[in-house]
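Asker: Please see the structure below; I have some questions.
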Amino acid sequence: MGLKRKDLLSLTHLSADDISLILETADSFKEVSGREIKKVPALRGKTVVNLFFEPSTRTRTSFELAAKRLSADVINFSPSSSSVVKGETLLDTARNIEAMQADIIVLRHSSAGAAETLARGVKSSVINAGDGWHEHPTQALLDLYTIRSRGMGFAGLRVAIVGDVAHSRVARSNIFALTKLGAEVRVVGPPTMIPLHISQLGVRVYHNLDEGLRGVHVIMMLRLQLERQGRALFPTIREYARQYGLTGDRVKLAEPGAIVMHPGPINRGVEIAPDVADSLSSVILDQVANGVAVRMGILYLMSGAG
């Protein structure tokens, strides 16, 4: 059973059943990464184009690995060496790629709404790999998968999302998904980094980190989005680290067995202490590993093969 939709642009469009289907499909591909030959023929003959207009290490590499392990043909598009530098628009670029029989386009772009604009203009399936401050659906899905793989259910789960929530597409996607699945979501950060009306999304707002961490099962740290802020939202990075950095003592405020997550890249000593990032409670590298299986599941379902 597939997702019955052409594109994956936002988690607001997915039902709880859709999310469960993606996570269950990822289960079936998880073991592929442990094989000596890490490949299955599920997408043989399909073409996946990674269209990344922003720098990316984890997401682009994860999608490339996922597609190759499904036996798809993969094209990595670099704007700096394309006709984009000559003034070609995003839509024209995509239509030219589509004319070469691309089945799935994975888009990362600095402008919110770019993925939706692209999806309306092409027949190929479009997967949003992050658009400005808007959303990053596949990151949230791999976060859900990582939580689930630790034996945690979502109903009644308490999750604290800490840091620059205002500029974080990862935070938005996680809020949409977690609240849809019945979790209690807390957002924690200075007032300048918390959207004014975010409580309307069904989350609780905290400006004191210690209060926000008490009794949570999952701590999701965010990095400072300095490249998107455009202005100083906190006096100094040192002051931010003192008030909102996750230390070992602060982890103890959470429930016993709580896990620490981060979408990466991490800024050690700023939003998270090095000893916490490398501790047994940290699942940061699990998130990276799980990203491949989740994206394999997404590509499989979006291709219509499911």
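The values are calculated or read from the model by the stated rules, or taken from the named source; none is laboratory data. Quick caveat: nothing in here was measured; it's all calculated off a predicted structure. Please note: Cβ atoms are built from the backbone with ideal geometry, for glycine as well, and neighbour counts cover all protein chains shown. The accessibility values were calculated without ligands, DNA or RNA, using every heavy atom of the protein model including side chains. Shrake-Rupley method; radii C 1.70, N 1.55, O 1.52, S 1.80 Å.
Asker: Filter region 196-215 for residues that are over 25 Å from S15 (Cα atoms), modelled with pLDDT of 95 or more and in a loop (DSSP other than H, G, I, E, B); which is least open to solvent (accessible area, probe 1.4 Å)?
Answerer: G215
Asker: Could you please give the count of residues in region 28-52 that are touching a residue at least 40 places away in the same chain (Cβ under 8 Å), in a helix (DSSP H, G or I) and over 30 Å from G132 (Cβ atoms)?
Answerer: Total meeting the criteria: 4.
Asker: Kindly provide the set of residues from region 80-102 that are in a helix (DSSP H, G or I) and at pLDDT 75 or above, ordered by number.
Answerer: Hits for region 80-102 are L90, L91, D92, T93, A94, R95, N96, I97, E98, A99.
Asker: Just for region 260-288: of the residues that are open to solvent by 10 Å² or more (accessible area, probe 1.4 Å) and in contact with a Ser or Thr (Cβ under 7 Å, 6 or more places away or on another chain), which one is nearest to L213 (Cα to Cα)?
Answerer: Among residues in region 260-288 that are open to solvent by 10 Å² or more (accessible area, probe 1.4 Å) and in contact with a Ser or Thr (Cβ under 7 Å, 6 or more places away or on another chain), the one nearest to L213 (Cα to Cα) is A273.
Asker: Quick one: in region 249-293, which of the residues that are farther than 16 Å from V159 by Cα and assigned to a strand (DSSP E or B) is modelled with the lowest pLDDT?
Answerer: Ranking the candidates gives R268 first.
Asker: Can you confirm whether region 63-79 contains a residue that is of a type in the set (S, T, Y), outside any loop (DSSP other than H, G, I, E, B) and open to solvent by 20 Å² or more (accessible area, probe 1.4 Å)?
Answerer: no
Asker: Tell me, please, whether a residue that is more than 14 Å from D164 (Cβ to Cβ) and either in contact with a Cys (Cβ under 9 Å, 6 or more places away or on another chain) or not in a loop (DSSP other than H, G, I, E, B) (or both) can be found in region 222-237.
Answerer: Looking for residues that are more than 14 Å from D164 (Cβ to Cβ) and either in contact with a Cys (Cβ under 9 Å, 6 or more places away or on another chain) or not in a loop (DSSP other than H, G, I, E, B) (or both), one finds none in region 222-237, hence no.
Asker: Moving on. Please note which strands (runs of 3 or more DSSP E) are completely contained in region 103-166 and include at least 2 residues that are at pLDDT 95 or above and open to solvent by 10 Å² or more (accessible area, probe 1.4 Å).
Answerer: Passing ranges: none, list empty.
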